[in-house]
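Notes to accompany the following structure.
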Amino acid sequence: MNKFSRLGFIFAAAGSAVGLGNIWKFPYITGEYGGGAFVIVYLLCIVFIGLVVFIAESYLGQTSEANVSSTFVKLSKSKNSNWKYSGFMVFGGLIILSFYSVVLGWILNYIFISFASLPESSELAGSYFNSLVSQKIELQIFFHTIIALITIFIVLRGVKEGIEKINLILMPLLGLILFGLLIYAINLDSFSKSVEFMFSANWNKIDDNALLAALGQAFFTLSLGTGTILTYSASLPKNENFIKSSFYVGIVDTIIAIIAGLIIFAFLFEAGAKSSAGPGLVFISLPVIFQQWGVLGNIIAIAFFSALLFAGITSAVSMIEPLLMLFIERFNMTRRKAVVICGSIFYGLGIIALLSMSNSFKDSLTFFGKNAFDWMDFLTSSISMPIAAIMTCIFLGYFVDKNKIRDKFTQHAPKIVFDIWYFLVKYLVPFAIAILLLNKIGVIK
Ligand code: PHE
């Protein structure tokens, strides 16, 4: 098997982590929950839950060097073959990819709009975005097709030639664009307001919903609970320090989310716009602001949406790879065949997702009050990802030989790091996630 290089792994894992979650979702939920206090809760979730699970997945992958399903069987004390069902989590990645590709399609569409015709008022921006989602089915399918083809083309080339290469190109580009946008934002009068919004705590809006949103975001942004980090770590060279690389990825992911927030809020405040515009923030509020800045605005808009696109593509490839690896190893498929099968599934589901928001099809694609797009999001972010994370922790805490884990940890870090991590994995994290999960699906209140 072709492995990542050390740097290749860090770029690929960071590429997976940094995505629409950082640049689109994090700013808008931070805005909805009133800023600074939410950022603090989010950071706590990243450190005490997200990183713990990240290190857990990375340990499992690097130790087993296998797909998700075989990893659990291979590393369990009893070698119980029922652990193979843990492979369910990789389908989460494929389902996320279905609607993620649709959103990336919108972004691609906005890159074209940025060249010429940015909307002149919020009404126009709102009606453009709404008509894109509710009426322009062919256009959405067209862009979803392009994104699907790009993703398929990259993963067809494999871990080293496809995934590592694209990350080594797109991640530095993304860094460069964000750096440029940050410099521009720093020079705006509203930058200090943006800093204040992101870092001064206002606890009024922090309730259990905020807590759930912060935890869900921590999972989503670190690509946890879909087998992505486990699968990538299976291609991490054997003697590399998986603890250090996990910290690097966590730090990069957090810094990028914060920078994206600072940039976006500076833009919004500069134009006197609201910070709580929700999901439409980057598709409705920002384009109008860019429009007001003339030609410079066009350039900034192109840069901004390209950053989103690059971040998203490197995440998209990481959502499909766990299932590919499982098909290749367990069912002896060629990569090509696995890509064709998985590619067709997510492409088809993506079309269902986008149709479920259109005026013509939404009635037939809405079930129990949620359309197919929202169901895909709910079933992954709220159900399969947290369940997978709980299972990963319980597995490591109770079904794997503790001495073996300790030995591997202490090769790379002082024993105290292992002790703290193991305590969190065994006694705290799975139960904390379970309580929040039950709360979210309404079992406890
Ligand atoms: N972490 C990615 C983001 O922030 C999303 C993702 C989720 C990637 C699950 C892989 C697996 O956009």
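The values are calculated or read from the model by the stated rules, or taken from the named source; none is laboratory data. Predicted model only: the values in this text are computed from it and were never measured. We place every Cβ from the backbone using ideal geometry, glycine too, and count neighbours over all the protein chains shown. Remember, those area values only see protein heavy atoms, side chains included, never the ligands or the DNA or RNA. Shrake-Rupley method; radii C 1.70, N 1.55, O 1.52, S 1.80 Å.
For residues that are of a type in the set (A, V, I, L, M) and under 25 Å from GLU240 (Cβ atoms), tally how many sit in region 1-49.
The first filter runs over region 1-49 and keeps only residues of a type in the set (A, V, I, L, M), leaving 1, 7, 10, 12-14, 17-18, 20, 23, 29, 37, 39-41, 43-44, 46-47, 49.
Now restrict to residues that are under 25 Å from GLU240 (Cβ atoms): 1, 7, 10, 12-14, 17-18, 46-47, 49.
So the count comes out to 11.
On the given criteria, is LEU156 among the hydrophobic types (A, V, I, L, M, F, W, C), over 29 Å from ALA413 (Cα atoms) and within 16 Å of the ligand (Cβ to nearest atom)?
Values: among the hydrophobic types (A, V, I, L, M, F, W, C): yes; over 29 Å from ALA413 (Cα atoms): yes; within 16 Å of the ligand (Cβ to nearest atom): no.
No: the conditions fail for LEU156.
Of these, ILE95, ILE40, which one is within 14 Å of the ligand (Cβ to nearest atom), open to solvent by 20 Å² or more (accessible area, probe 1.4 Å) and at negative phi?
Numbers: ILE40 fails: within 14 Å of the ligand (Cβ to nearest atom).
The unique qualifying residue is ILE95.
Taking the condition of being assigned to a helix (DSSP H, G or I) and open to solvent by 40 Å² or more (accessible area, probe 1.4 Å), how many residues in region 128-144 meet it? Spell out how you get there, then give the answer.
So the first thing to find is which residues in region 128-144 are assigned to a helix (DSSP H, G or I), and the list is 128-134, 137-144.
From what's left, open to solvent by 40 Å² or more (accessible area, probe 1.4 Å): 128, 130, 138-139, 141-142.
Total satisfying the criteria: 6.
Could you tell me which numbered condition ASP363 fails, if it satisfies all but one of (1) more than 16 Å from the ligand (Cβ to nearest atom); (2) at pLDDT below 95; (3) open to solvent by less than 50 Å² (accessible area, probe 1.4 Å)?
In the conditions (1) more than 16 Å from the ligand (Cβ to nearest atom); (2) at pLDDT below 95; (3) open to solvent by less than 50 Å² (accessible area, probe 1.4 Å), ASP363 misses (3) alone.
From the list PRO279, PRO322, which one is modelled with pLDDT under 90, part of a helix (DSSP H, G or I) and not aliphatic (A, V, I, L, M)? Break it down into steps so the answer makes sense when it comes.
Numbers: PRO322 fails: modelled with pLDDT under 90.
One residue alone meets the criteria, PRO279.
If I filter region 201-252 down to residues being in contact with a helix residue (DSSP H, G or I) (Cβ under 8 Å, 6 or more places away or on another chain) and among the acidic types (Asp, Glu), which single residue comes out as surrounded by the fewest Cβ atoms within 10 Å (Cβ to Cβ)?
ASP208
Restricting the search to region 50-76, which residues are hydroxyl-bearing (Ser, Thr, Tyr) and either buried (at least 21 other Cβ atoms within 10 Å of the Cβ) or on the phi > 0 side of the Ramachandran plot (or both)?
Step one: filter region 50-76 for residues hydroxyl-bearing (Ser, Thr, Tyr), giving 58-59, 63-64, 69-71, 76.
Result: SER58, TYR59, SER69, THR71.
Looking at ILE150 and the list (1) open to solvent by 30 Å² or more (accessible area, probe 1.4 Å); (2) within 23 Å of LEU43 (Cβ to Cβ), which single condition is not satisfied?
(2)
Of everything in region 1-37, what is away from the ligand (no atom under 16 Å from the Cβ) and over 25 Å from ASN167 (Cβ atoms)? Give them in sequence order.
Passing the criteria: GLY31, GLU32, TYR33, GLY34, GLY35, GLY36, ALA37.
Which members of region 221-252 meet the condition of being in a helix (DSSP H, G or I), under 30 Å from TYR85 (Cα atoms) and either within 11 Å of the ligand (Cβ to nearest atom) or under 19 Å from the mean Cα position of the chain (by Cα) (or both)?
Listed by number, the residues that qualify are THR221, THR228, ILE229, LEU230, THR231, TYR232, SER233, SER245, SER246, PHE247, VAL249, GLY250.
Across region 357-385, what is the number of residues that are aromatic (Phe, Trp, Tyr) and within 16 Å of the chain's Cα centre (by Cα)? Write out each step before concluding.
Within region 357-385, the subset aromatic (Phe, Trp, Tyr) is 361, 367-368, 373, 375, 378.
So of that shortlist, the ones also within 16 Å of the chain's Cα centre (by Cα) come out as 378.
Total meeting the criteria: 1.
Going residue by residue through region 116-129, is there one that turns out to be closer than 18 Å to VAL102 by Cα and either touching a helix residue (DSSP H, G or I) at 6+ places or on another chain (Cβ under 9 Å) or hydrophobic (A, V, I, L, M, F, W, C) (or both)?
Going residue by residue through region 116-129, those that are closer than 18 Å to VAL102 by Cα are 128-129.
Still in the list and also either touching a helix residue (DSSP H, G or I) at 6+ places or on another chain (Cβ under 9 Å) or hydrophobic (A, V, I, L, M, F, W, C) (or both): 128-129.
Yes, because at least one residue in region 116-129 is closer than 18 Å to VAL102 by Cα and either touching a helix residue (DSSP H, G or I) at 6+ places or on another chain (Cβ under 9 Å) or hydrophobic (A, V, I, L, M, F, W, C) (or both).
Go through region 15-37 and count every residue that is crowded, with 24+ Cβ neighbours inside 10 Å and hydrophobic (A, V, I, L, M, F, W, C).
Of the residues in region 15-37, 4 are crowded, with 24+ Cβ neighbours inside 10 Å and hydrophobic (A, V, I, L, M, F, W, C).
Of the residues that sit in region 314-331 and are open to solvent by 10 Å² or more (accessible area, probe 1.4 Å) and not aromatic (Phe, Trp, Tyr), which one is nearest to the ligand (Cβ to nearest atom)? Write out each step before concluding.
Residues of region 314-331 that are open to solvent by 10 Å² or more (accessible area, probe 1.4 Å), as a first pass: 319, 325-331.
So of that shortlist, the ones also not aromatic (Phe, Trp, Tyr) come out as 319, 325-326, 328-330.
On the way: MET319: 5, MET325: 14, LEU326: 15, ILE328: 19, GLU329: 19, ARG330: 20 Å.
Restricting to residues being open to solvent by 10 Å² or more (accessible area, probe 1.4 Å) and not aromatic (Phe, Trp, Tyr), the top hit is MET319.
Name the residues in region 285-297 that are over 16 Å from LEU124 (Cβ atoms) and polar (S, T, N, Q), would you?
Step one: of region 285-297, the residues over 16 Å from LEU124 (Cβ atoms) are 293-296.
Matches in region 285-297: none.
Of all residues in region 274-313 being buried (at least 18 other Cβ atoms within 10 Å of the Cβ) and without any contact (Cβ under 8 Å) to a residue 24 or more places away in the chain, which is farthest from the chain's Cα centre (by Cα)?
So, considering only residues that are buried (at least 18 other Cβ atoms within 10 Å of the Cβ) and without any contact (Cβ under 8 Å) to a residue 24 or more places away in the chain, the one farthest from the chain's Cα centre (by Cα) is ILE289.
Here's a check for you: in region 366-410, which residue that is in contact (Cβ under 8 Å) with a residue 40 or more places away in the chain and polar (S, T, N, Q) is surrounded by the fewest Cβ atoms within 10 Å (Cβ to Cβ)?
SER382
For region 151-167, enumerate the residues that are more than 16 Å from ASN2 (Cα to Cα) and more than 18 Å from the chain's Cα centre (by Cα).
ILE152, PHE153
Please specify each residue of region 332-347 satisfying the condition of being in contact (Cβ under 8 Å) with a residue 12 or more places away in the chain and open to solvent by 30 Å² or more (accessible area, probe 1.4 Å). Write out each step before concluding.
Going residue by residue through region 332-347, those that are in contact (Cβ under 8 Å) with a residue 12 or more places away in the chain are 335-336, 338-339, 341-343, 345-347.
If the condition is that a residue be in contact (Cβ under 8 Å) with a residue 12 or more places away in the chain and open to solvent by 30 Å² or more (accessible area, probe 1.4 Å), then ARG335, ARG336, ILE341, ILE345, TYR347 are the ones that fit.
Just checking, which of ALA388, ALA434 is within 24 Å of the chain's Cα centre (by Cα) and modelled with pLDDT of 95 or more? Before the answer, list the steps.
On the way: ALA434 fails: modelled with pLDDT of 95 or more.
Selected residue: ALA388, the only one of ALA388, ALA434 that is within 24 Å of the chain's Cα centre (by Cα) and modelled with pLDDT of 95 or more.
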